[in-house]
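So the structure is just underneath, and the comments pick up after that.
Just so it is clear, none of the values below were taken in a lab; they were calculated from the coordinates. These numbers come from a predicted model, not from an experiment. We place every Cβ from the backbone using ideal geometry, glycine too, and count neighbours over all the protein chains shown.
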Amino acid sequence: MITQKAKYALRALTLLARAEPGEPIQIPDIADRQKIPKKFLEQIMLDLKRGGMVESRRGKQGGYLLLRPASDITYGEVLRLIDGPVAPLPCLSLTAYRRCEDCDGENDCEIRRVFARVADETRAVLLSTSLADAAGEVTEPAH
């Protein structure tokens, strides 16, 4: 499961993805429209800023906007930034691998084999789904 913090981050980013290009949105507006506690949102936006996903503008007309195109920011990238590794087991993580303490051997581990399939499928979805996809900016090709 993802944390509430990650859900809020994805909601805030999706709202920014739907905004007019170059038009910042202020934290009180994001918090109100996405039903996110303002103080918690402030922390989340700082994390997203440090992670290179958003930028902030000061002043009366200030606020937050995406630093990169919505099509270049994936759900997987956001989840890794906010929650850490997305793998269900530490031995399956691409970014924070570590051997399971109680494991006799990864090649013989039935649990690892099953969850490796889960991790591969999950990563495929998360790393191929962008904010633009979630915001409805990208249309499906005609079949």
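One table, with the values for the structure above:
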{"item": "Number of the exception - Pro88 against (1) touching a helix residue (DSSP H, G or I) at 6+ places or on another chain (Cβ under 8 Å); (2) buried (at least 17 other Cβ atoms within 10 Å of the Cβ); (3) of a type outside the set (Lys, Arg)", "result": "(2)"}
{"item": "Test for Leu46: is it closer than 24 Å to Gly136 by Cβ, surrounded by 12 or more Cβ atoms within 10 Å (Cβ to Cβ) and either among the charged types (D, E, K, R) or within 18 Å of the chain's Cα centre (by Cα) (or both)", "result": "no"}
{"item": "Residue identified as at positive phi, more than 17 Å from the chain's Cα centre (by Cα) and not hydroxyl-bearing (Ser, Thr, Tyr) among Gly52, Gly84, Gly63", "result": "Gly63"}
{"item": "Residue in the range 25-42 that is in contact with a helix residue (DSSP H, G or I) (Cβ under 8 Å, 6 or more places away or on another chain), among the aromatic types (Phe, Trp, Tyr) and under 29 Å from Cys109 (Cβ atoms) present", "result": "no"}
{"item": "Matching residues in the range 1-26 - criterion: being part of a helix (DSSP H, G or I) and either under 11 Å from the mean Cα position of the chain (by Cα) or more than 23 Å from Gly59 (Cα to Cα) (or both)", "result": "Gln4, Lys5, Ala6, Lys7, Tyr8, Ala9, Leu10, Arg11, Ala12, Leu13, Thr14"}
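Okay, residues lined up against (1) loosely packed, with under 13 Cβ neighbours inside 10 Å; (2) β-branched (Val, Ile, Thr):
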{"site": "Ile25", "(1), (2)": "no, yes"}
{"site": "Lys38", "(1), (2)": "yes, no"}
{"site": "Glu55", "(1), (2)": "no, no"}
{"site": "Gly76", "(1), (2)": "no, no"}
{"site": "Leu92", "(1), (2)": "no, no"}
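Yes/no matrix, rows are residues, columns are (1) more than 24 Å from Ala132 (Cα to Cα); (2) touching a His at 6+ places or on another chain (Cβ under 9 Å); (3) among the charged types (D, E, K, R); (4) part of a loop (DSSP other than H, G, I, E, B):
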| site | (1), (2), (3), (4) |
| --- | --- |
| Ile36 | no, no, no, yes |
| Met45 | no, no, no, no |
| Lys49 | no, no, yes, no |
| Cys91 | yes, no, no, no |
| Asp104 | yes, no, yes, yes |
| Asn107 | yes, no, no, no |
